[in-house]
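Take a look at the structure below.
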Amino acid sequence: MGAFTVETAPRPAAAEVQSVLARAASATIGSKAATKLEIRLAGALATPALALIRQLPNIVVALLTPAALVALAMGLWRVSADLDWAGAFPITGGFFSHWQVWIGLSAALKMLSSALLAWDDRTRKITEQN
């Protein structure tokens with residue numbers, strides 16, 4: 001297994017806002033104060049974006065797990081409808097009318113969720129070490 005490196009690149013929109021504000025600040029106040037203002041603005045603009053990026057894998061995992069349970073419920077409903085244990089299944093034709101598709105989709109979503117969670121843990125450990 002190789003190590004992953006995570007790099008961030010500045011976004012052009014944020015860079016434009018920073019440069020415009022820095023130019024305005026340097027015109028009204030000294031260049032040293034403008035540099036301090038630019039550093040503060042860079043940190044303020046980057047912090048919410050970085051926080052969202054760090055939480056994004058956990059948000060996706062939180063959505064994938066219930067989706068896997070719904071797919072499993074649909075698969076079990078289709079199996080029980082085929083055995084006449086339950087009422088009619090709403091999807092009577094097409095690709096999603098088969099129970100194997102729903103149970104396979106459930107397993108795939110859960111595996112994706114687990115893999116994403118493991119990837120997030122590895123990435124956090126690598127960034128903590130650096």
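Between the beta carbons of residue 76 and residue 112, assuming R0 = 30 Å, the FRET efficiency works out to 0.90 to the nearest 0.05. Taking a Cβ cut-off of under 14 Å around residue 129, the surrounding Lys, Arg, Asp and Glu residues balance to a net charge of +1, with basic ones at +1 and acidic ones at -1.
None of the figures in this text is laboratory data; all of them are computed from the coordinates on show. Treat the numbers as computed from the prediction; the structure is a model and nothing was measured. Because the Cβ atoms are built from the backbone with ideal geometry, glycine has one as well, and the counts that use them run over all protein chains shown.
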